[in-house]
Amino acid sequence: MGELKSHALVLRTRDYREADRLVTFLTREEGKVTAVARGVRKTKSKLSAVVEPLTLGFFLLHRGKSLDTLIQGEIVKPYRKLREDLLLFAYGQYFCELCEAALPEREPSLPVFLLVLTALEALESDSQPARVARCFELNLLETLGYRPAMENCQHCGSSTGPFYFDFINDGLVCKNCPIPGESRLLSGAAAAVMKRFLNNGFHRLSVCGVPSSLNYEIAHINAELLKKALGKSRFKSVEFLQSLEEWS
Ligand SMILES: [Zn+2]
């Protein structure tokens, strides 16, 4: 029992019983935690604004036997710009879906918490949301222990592209070395961008030009890597972005 006081990001909410919502939080202290927010679908609820998706807040949760209950909450950052733009909101939701799929309940992961907040900040300021998404995907993979080997060819050490991306060993193989069975052609430029995203994170991201052809290449590699790492390849937010033709 007891209580948990923590900064947390609202990853997802869904209706529960008549007037409640089940809220999936990514808490700073204890990782992913699901709690019931009672009465928040009633118009007079004081808590309804703090459990909107993509809200960073400070929350007090009461531990229950099977389910925690939200007692109090205050907004720390509402990510208003993301809320007011359908496209940016969908990208933000995608980041939340990835975090939800990546983490088990109640396993603290401060690196993932900090990474997603950095990514949401970048999404608010960057003119290319797809670039932020590719950078987030790769850094999430690294944080979870699935960093692909992007430095040079895994066999001969060559740093000259084009490469094949080898999905057995998750890294580059150059065109002069034996082509791996499960692989995909990757341009030298796309490999360089992926390497930069992994080495520099979101630092000065806006100076890293990612034309749509490179975004397309990187998105396909990342999707395969995420499928292997998370065991999940369908995301509602991606289907929505695809419907807007805002995906690779
Ligand atoms: Zn080679």
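The values are calculated or read from the model by the stated rules, or taken from the named source; none is laboratory data. Since the structure is predicted, the reported quantities are computational estimates derived from the model, not experimental observations. Because the Cβ atoms are built from the backbone with ideal geometry, glycine has one as well, and the counts that use them run over all protein chains shown.
Could you tell me whether any residue of region 7-16 is more than 13 Å from ILE71 (Cβ to Cβ), outside any strand (DSSP E or B) and either in contact with a strand residue (DSSP E or B) (Cβ under 6 Å, 6 or more places away or on another chain) or among the hydrophobic types (A, V, I, L, M, F, W, C) (or both)? For region 7-16, residues more than 13 Å from ILE71 (Cβ to Cβ), outside any strand (DSSP E or B) and either in contact with a strand residue (DSSP E or B) (Cβ under 6 Å, 6 or more places away or on another chain) or among the hydrophobic types (A, V, I, L, M, F, W, C) (or both): absent. Among the residues of region 124-140, not a single one is within 11 Å of the ligand (Cβ to nearest atom), touching a residue at least 12 places away in the same chain (Cβ under 8 Å) and of a type in the set (S, T, N, Q).
State whether the residues of region 154-161 include one that is touching a helix residue (DSSP H, G or I) at 6+ places or on another chain (Cβ under 9 Å), in a helix (DSSP H, G or I) and either without any contact (Cβ under 8 Å) to a residue 12 or more places away in the chain or within 25 Å of LEU117 (Cα to Cα) (or both). Give the steps one after another, and end with the answer.
First, the residues of region 154-161 that are touching a helix residue (DSSP H, G or I) at 6+ places or on another chain (Cβ under 9 Å): 159-161.
Retained after the next criterion (residues that are in a helix (DSSP H, G or I)): none.
No, because not a single residue in region 154-161 is touching a helix residue (DSSP H, G or I) at 6+ places or on another chain (Cβ under 9 Å), in a helix (DSSP H, G or I) and either without any contact (Cβ under 8 Å) to a residue 12 or more places away in the chain or within 25 Å of LEU117 (Cα to Cα) (or both).
Out of all the residues in region 143-153, is one or more surrounded by 21 or more Cβ atoms within 10 Å (Cβ to Cβ), assigned to a helix (DSSP H, G or I) and away from the ligand (no atom under 16 Å from the Cβ)? No. Could you please let me know if LEU214 is crowded, with 18+ Cβ neighbours inside 10 Å, away from the ligand (no atom under 16 Å from the Cβ) and without any contact (Cβ under 8 Å) to a residue 60 or more places away in the chain? In short, yes.
Listed here are the residues, each with its yes/no results for (1) among the polar types (S, T, N, Q); (2) surrounded by 20 or more Cβ atoms within 10 Å (Cβ to Cβ).
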| site | (1), (2) |
| --- | --- |
| LYS42 | no, no |
| SER45 | yes, no |
| GLY57 | no, yes |
| LEU60 | no, no |
| LEU67 | no, no |
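Scanning region 22-36 turns up no residue that is over 26 Å from the mean Cα position of the chain (by Cα) and surrounded by fewer than 21 Cβ atoms within 10 Å (Cβ to Cβ).
Conditions (1) surrounded by fewer than 18 Cβ atoms within 10 Å (Cβ to Cβ); (2) in contact with a Cys (Cβ under 7 Å, 6 or more places away or on another chain); (3) not in a helix (DSSP H, G or I), marked per residue:
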{"site": "ILE75", "(1), (2), (3)": "yes, no, yes"}
{"site": "ALA90", "(1), (2), (3)": "no, no, no"}
{"site": "GLU107", "(1), (2), (3)": "yes, no, yes"}
{"site": "VAL112", "(1), (2), (3)": "no, yes, no"}
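Might you let me know whether region 231-247 holds any residue that is without any contact (Cβ under 8 Å) to a residue 24 or more places away in the chain, surrounded by 15 or more Cβ atoms within 10 Å (Cβ to Cβ) and of a type outside the set (Val, Ile, Thr)? No: zero hits.
Counting only residues that are polar (S, T, N, Q) and more than 9 Å from the ligand (Cβ to nearest atom), which one in region 161-194 is nearest to ILE218 (Cα to Cα)?
Applying the filter and picking the extreme gives SER187.
For region 59-79, the count of residues that are of a type in the set (Asp, Glu) and over 20 Å from PRO129 (Cβ atoms) is nonzero.
Remark: pairs (first residue in region 30-58, among the basic types (Lys, Arg); second residue at pLDDT 95 or above and buried (at least 17 other Cβ atoms within 10 Å of the Cβ); Cβ separation under 6 Å; 6+ apart in sequence or on different chains) = LYS32/LEU26; LYS32/LEU103; ARG38/ASP20.
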